[in-house]
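Below is one structure, written out as structure tokens, with a few remarks after it.
The values are calculated or read from the model by the stated rules, or taken from the named source; none is laboratory data. Since the model is a prediction, treat every value here as computed from it, not as a measurement. Don't worry about glycine lacking a Cβ; one is built from the backbone with ideal geometry, like all the others, and counts go over all protein chains shown.
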Amino acid sequence: MNKITRKAIFRFFLTLTLICLFLTSVVFSEKESYDYSSYSSSNSSTSFPLIKGSKVKNIIFCIGDGMGIAQVAVSRINAVGLDGKLYMERMPITGIARTHSANNLITDSAAAGTALATGQKTNNGVIAMSPDGKNKYLTILEASKNKGMTTGLIATSSITDATPASFASHVSSRKGQDDIAIQLLESKVNVLLGGGKQFFIPQSAQGSKRKDNRDLIAEAKAVGYAFVETNDDLKSAQGPFLLGLFQLDALKTDPPEPTLGELTDKAIEILSKNKKGFFLMVEGSQIDWASHENKLDNTIKQTILFDEAVGKAIDFALKDKHTLVIVTADHETGGLTIKGGDLNGKSLDVNWSTKGHSGTPVPLYAFGPNAKEFAGVYDNTDIPKTMARLLKIKLFPQTLEK
Amino acid sequence: MKEIILYADATFDLKVRVGDKIEQDDEMGISADSGDVLLSPIKGTIEKISFNPEDHTFVIRIIEE
């Protein structure tokens, strides 16, 4: 082989290698990136103001399932830059919450949801009941409803999953999702939005996970709920009762589904018509799932989708002046730490220390009247107790007879 | 070749990772059903671990050696 031929072969393979590297980078960036352009352009790094001199009439409680401080940090760096801030980070008051359950340093979402909903500890797996499963715990949603407030639950999981279930049902095992579906409707929560249609349709219907032939969607309609399952239907839906189930199981968190932010907007639109105020819980359920899989890209995507919903809550609260917005997590998942990376956030080197949950305390952010009550280090059970005090709800926490 | 599927509670970390060689009675994690320590019933290799969000469990597939 002469010199010229060797040179030509070398150039050919060099060009081929460069093309391959270019294509790989394009494919990688398309697969791994989430479009934050509209999100980042609507956000800034300015802190929201303290709201002084007004009383709490409404509460929007945003729970990032599995969202530790590192999940927040990687999402910030990736979406709005090292010096930017997520909506939740612009809230003027911050705190830290401990998360252990009654029987374990590492909580699950059932026990943590119960703590955040009722102000009382229970065992892992138990929903809004005592550890022995014998007594019900009153939830902050139920206490708000007793006071004449409207109520709502939103999740990107099934609406019967542990966190939303903890606010309006009482079962000794989180596995009883068909029973939870019944209880959510019996509780007459005004707005229920999320996935989990499989627990609301009779077992004879395709895809059902019910163990009976009750058609809970028909039952809901009979007692005054509007039912929607598409984004278009959601836009035109009216209250005062709305059931929206957009998938058989969990939401896909991709179009054409409504985003968590759009669900939050709709819930606020319906619930805020009540002059006596409202209580709304919004869960970014799938931060936990992405962190269980130790998938950084999806962890960031789910955290940003959650933060968009926080932004919608704050938009309303800024205008209303009587709405307290609280953001926290039920626990951290994955034991995520940032080991390194470049300053522009294009590459992050992270470590996941577990596939499960961790016992690391979680962040707490507050905005609105009396937000300063949430500054400091607290047990997760203190959060609903403070909410109840600010809403002037007496006898909370409260254990009820079975 | 025998294949075994086990279900672990995803609240807690797993003691095994994909590709691990395990002996019978090696600790895997916490059982999703009983809440007790989950032991491998066979000697084999961890072929796959997936997270099932609906049940909040890890599904562990072991291939017997």
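A few notes on this one:
- Residues that are crowded, with 24+ Cβ neighbours inside 10 Å and polar (S, T, N, Q) were ranked within the stretch A:48-77; the one that is farthest from B:Ala10 (Cα to Cα) is A:Asn58.
- The lone exception for A:Thr253 - which of (1) hydroxyl-bearing (Ser, Thr, Tyr); (2) free of Cβ contacts under 8 Å to residues at least 12 places away in the same chain; (3) within 15 Å of A:Gly196 (Cβ to Cβ) it fails: (2)
- Checklist (1) under 27 Å from A:Gly66 (Cβ atoms); (2) more than 13 Å from chain A (Cβ to nearest Cβ) applied to B:Asn52, failing item: (2)
- Here B:Asp9 passes the criteria (1) over 24 Å from A:Ser157 (Cβ atoms); (2) charged (D, E, K, R); (3) within 13 Å of chain A (Cβ to nearest Cβ); (4) surrounded by 14 or more Cβ atoms within 10 Å (Cβ to Cβ) except the one numbered (1).
- Flag for A:Ser54 being hydroxyl-bearing (Ser, Thr, Tyr), at pLDDT below 90, assigned by TED's automatic domain parsing to the domain that holds A:Phe316 and not in a strand (DSSP E or B): no
- Pick from the stretch B:55-65, criterion within 13 Å of another protein chain (Cβ to nearest Cβ) and touching a Ser or Thr at 6+ places or on another chain (Cβ under 9 Å), ranking: surrounded by the fewest Cβ atoms within 10 Å (Cβ to Cβ): B:Val59
- All of (1) under 23 Å from A:Ile287 (Cα atoms); (2) buried (at least 21 other Cβ atoms within 10 Å of the Cβ); (3) free of Cβ contacts under 8 Å to residues at least 40 places away in the same chain hold for B:Leu38 with one exception: (1).
- Odd one out for A:Lys175, checked against (1) closer than 24 Å to A:Ala290 by Cα; (2) more than 14 Å from chain B (Cβ to nearest Cβ); (3) not aliphatic (A, V, I, L, M): (2)
- Checking each residue in the stretch B:12-47 for being more than 13 Å from every other protein chain (Cβ to nearest Cβ) and of a type in the set (Lys, Arg) picks out B:Lys21, B:Lys43.
- Against the criterion of being touching a strand residue (DSSP E or B) at 6+ places or on another chain (Cβ under 8 Å), surrounded by fewer than 24 Cβ atoms within 10 Å (Cβ to Cβ) and within 14 Å of chain B (Cβ to nearest Cβ), A:Ser109 does not qualify.
- Positions within the stretch A:80-134 being closer than 13 Å to A:Ala165 by Cα, among the β-branched types (Val, Ile, Thr) and assigned to a loop (DSSP other than H, G, I, E, B), in sequence order: A:Val126
- Tally, over the stretch A:375-398, of residues that are of a type in the set (S, T, N, Q) and either touching a Phe, Trp or Tyr at 6+ places or on another chain (Cβ under 6 Å) or more than 15 Å from A:Ala128 (Cα to Cα) (or both): 1
- Looking only at the stretch A:280-307, and only at residues there that are surrounded by fewer than 24 Cβ atoms within 10 Å (Cβ to Cβ) and acidic (Asp, Glu), the one that is nearest to A:Ile338 (Cα to Cα): A:Asp297
- Taken as a whole, the condition of being of a type outside the set (Asp, Glu), crowded, with 20+ Cβ neighbours inside 10 Å, closer than 30 Å to A:Lys392 by Cβ and assigned by TED's automatic domain parsing to the domain that holds A:Val362 applies to A:Ser101.
Residue-wise test of (1) buried (at least 20 other Cβ atoms within 10 Å of the Cβ); (2) part of a loop (DSSP other than H, G, I, E, B).
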position	(1), (2)
A:Arg214	no, yes
A:Ala218	no, no
A:Lys221	no, no
A:Phe227	no, no
A:Asp232	no, no
A:Lys235	no, no
A:Gln238	no, yes
A:Leu243	yes, no
A:Asp249	no, yes
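For (1) touching an Asp or Glu at 6+ places or on another chain (Cβ under 7 Å); (2) closer than 23 Å to B:Ser34 by Cα; (3) among the acidic types (Asp, Glu), each residue gets a yes or a no:
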residue	(1), (2), (3)
A:Phe167	no, no, no
A:Arg174	no, yes, no
A:Leu185	yes, no, no
A:Gly196	yes, no, no
A:Phe200	no, no, no
A:Ile217	no, no, no
A:Val223	no, no, no
A:Ala226	no, no, no
